[in-house]
Amino acid sequence: MEPREPRPARHPESLMMGYGYVPEWSEGAIKPPLFLTSTFVFKSAEDGEAYFRQAYGLDPVDPKRPMGLIYSRLNNPVLEILEDRLRVWEDADLALSFASGMAAISTTILALCRPGDQIVYTIPVYGGTDYFFEHIAPSLELEAIPVEAGPGLAERVRSLPLRRPRILYVETPANPTTTMTDLAEAARLAGELQYEAPAESRNDVAPVAPDECLLVVDNTFLGPVWQQPIRHGAHLSLYSATKFIGGHSDLIAGAVLGRRDLVERVKVFRTILGSISEPFTAWLMLRSLETLKIRMAAQQENAIALARFLVDHPAVSRVHFPGLLDPSSAEGAIFRRQCSGPGSLIAFEMKDPEDKAAAFRVLNRLKLAHLAVSLGGTETLVEHPAAMTHSDVSPEHQLRAGITPGMIRVSCGIEHIDDLIADFRQALDPEA
Ligand SMILES: *Cc1c(COP(=O)(O)O)cnc(C)c1O
């Protein structure tokens with residue numbers, strides 16, 4: 001691939017159609033072709049050697065002599081174009097794409113932590129992430145400590161017994177309750193926490209950021225359009241690209257964006273763990289990025305209207321949606337400071353929040369809204385967090401995180417709003 005030009009001063013929406021690709025490279029094709037190839041031919045043995053030294057982190061990446069293509073577990077033209085475009089939204093130094101959101105999360109943790117390190121993470125958190133911290137981290141001698149998401153995070157974290165905090169892991173808005181955590185406060189907190197890499201380590205890859213506690217943010221729910229954690233001081237912003245970035249419920253992928261030295265380190269681990277996304281998925285993501293903003297805007301408009309309908313419904317006790325936050329509340333203030341829109345995820349609780357049967361009845365009656373996990377696609381999806389996405393979260397964490405048996409999560413799609421509201425109306429009051 002050619003050396004990257006400096007990014008033109010255009011808005012992300014304008015860059016999504018062509019940035020990082022020149023039609024002359026491919027017979028004038030307006031869209032980048034898909035390179036279904038496992039390996040790439042080197043021009044010379046010297047080039048092959050130089051590329052490998054950079055890929056394995058033995059030599060620093062030289063921006064003037066960028067690493068050439070090697071093998072599709074390391075890089076591929078479509079992936080390089082995609083990664084250039086992904087970093088645009090948050091103005092990040094670099095971006096990487098992964099085989100899934102969980103691949104992005106687990107590869108990042110493995111790349112940055114050493115045995116004995118501590119990870120402080122907000123709850124509620126995506127079910128798979130919770131499982132990783134609760135059940136896999138201990139076997140790697142990583143101590144993951146849950147702390148409630150939301151206003152006042154710094155105070156709660158300061159009261160924890162911290163020895164060697166390496167990562168402050170925040171998901172905001174949190175899945176499924178949409179609880180807001182203050183990213184600027186979290187960034188200050190990470191800056192305050194003392195981390196000192198152990199002198200002796202069984203992990204012999206050159207240390208990265210040896211004296212920093214890193215703020216890592218899962219930005220799947222609002223990003224990259226309505227919230228950009230990097231602008232608020234996060235070191236890394238992680239995504240399940242399966243959700244809004246993919247946007248059509250037809251692919252599984254993930255992404256990591258952020259500071260150059262950290263992303264380069266994660267990239268070496270991605271190479272060795274083999275957690276990269278494959279070219280066709282990357283190509284689908286490129287297509288999806290072109291409509292990301294308009295999809296997210298249309299979904300959000302529907303969510304605002306649906307949330308208003310739900311709030312007024314007698315069968316519903318509580319609606320969790322950033323757009324309904326009282327601006328004078330602590331969470332409302334966080335929302336105003338760090339988000340440019342409320343997004344399209346709503347969680348609502350039945351009149352009796354303990355009434356699982358009532359929630360199941362509504363889920364079974366909805367017709368236009370599909371009963372399925374996942375979110376961020378063009379069609380409306382509903383699910384039951386306690387029994388589905390968060391069923392592997394311990395009852396204790398469910399309780400602490402406010403996930404009740406009567407809670408339903410909705411991901412709004414782009415259907416006509418009148419049809420959506422009619423569907424929820426018939427499901428909530430079958431007598432009508
Ligand atoms: C779905 C999701 C993930 C996991 O992503 P996959 O692509 O399914 O691996 C992580 N975080 C959040 C917030 C999610 O919604």
Yes or no: the stretch 141-164 includes at least one residue that is within 16 Å of the ligand (Cβ to nearest atom), hydrophobic (A, V, I, L, M, F, W, C), assigned to a helix (DSSP H, G or I) and free of Cβ contacts under 8 Å to residues at least 40 places away in the same chain. no
Determine whether the stretch 350-358 contains at least one residue that is out of contact with any Phe, Trp or Tyr (no Cβ under 6 Å at 6 or more places or on another chain) and over 26 Å from E148 (Cα atoms). yes
When you look at E185, is it over 22 Å from the mean Cα position of the chain (by Cα) and either open to solvent by 10 Å² or more (accessible area, probe 1.4 Å) or outside the structural domain of V263 (by TED's automatic domain parsing) (or both), yes or no? no
Among residues of the stretch 98-123, those that are open to solvent by less than 10 Å² (accessible area, probe 1.4 Å), in contact with an Asp or Glu (Cβ under 8 Å, 6 or more places away or on another chain) and away from the ligand (no atom under 16 Å from the Cβ), counted: 2
Residue check, A190 open to solvent by less than 30 Å² (accessible area, probe 1.4 Å), touching an Asp or Glu at 6+ places or on another chain (Cβ under 7 Å) and assigned to a helix (DSSP H, G or I): no
Could you tell me whether the stretch 226-236 includes any residue that is under 23 Å from A144 (Cβ atoms), within 16 Å of the ligand (Cβ to nearest atom) and not hydrophobic (A, V, I, L, M, F, W, C)? yes
Within the stretch 124-140, work out how many residues are within 15 Å of the ligand (Cβ to nearest atom) and farther than 22 Å from A386 by Cα. 0
From the list Y71, Y21, Y51, pick out the single residue that is among the aromatic types (F, W, Y), over 20 Å from L257 (Cα atoms) and buried (at least 19 other Cβ atoms within 10 Å of the Cβ). Y51
Which condition breaks for D211 when tested against (1) within 20 Å of Y121 (Cα to Cα); (2) not in a loop (DSSP other than H, G, I, E, B)? (2)
Given the conditions (1) open to solvent by less than 30 Å² (accessible area, probe 1.4 Å); (2) within 15 Å of the ligand (Cβ to nearest atom), and given that H248 satisfies all but one, which numbered condition is not satisfied? (1)
Number of positions in the stretch 400-409 that are within 14 Å of K356 (Cβ to Cβ) and either part of a helix (DSSP H, G or I) or out of contact with any His (no Cβ under 8 Å at 6 or more places or on another chain) (or both): 3
Is one or more of the residues making up the stretch 303-326 over 22 Å from the mean Cα position of the chain (by Cα), among the polar types (S, T, N, Q) and either modelled with pLDDT of 95 or more or open to solvent by less than 60 Å² (accessible area, probe 1.4 Å) (or both)? yes
For the stretch 219-238, give me the residue count where each residue is open to solvent by 10 Å² or more (accessible area, probe 1.4 Å) and not in a loop (DSSP other than H, G, I, E, B). 3
Is one or more of the residues making up the stretch 75-91 part of a loop (DSSP other than H, G, I, E, B) and more than 30 Å from G247 (Cα to Cα)? no
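The values are calculated or read from the model by the stated rules, or taken from the named source; none is laboratory data. Just so it is clear, the model here is predicted, and its values are computed rather than measured. Here the Cβ is made from the backbone with ideal geometry for all residues, glycine too, and neighbour counts use every protein chain on show. Please note that ligands, DNA and RNA were not included when accessible areas were found on the heavy atoms of the full protein model with its side chains. Shrake-Rupley method; radii C 1.70, N 1.55, O 1.52, S 1.80 Å.
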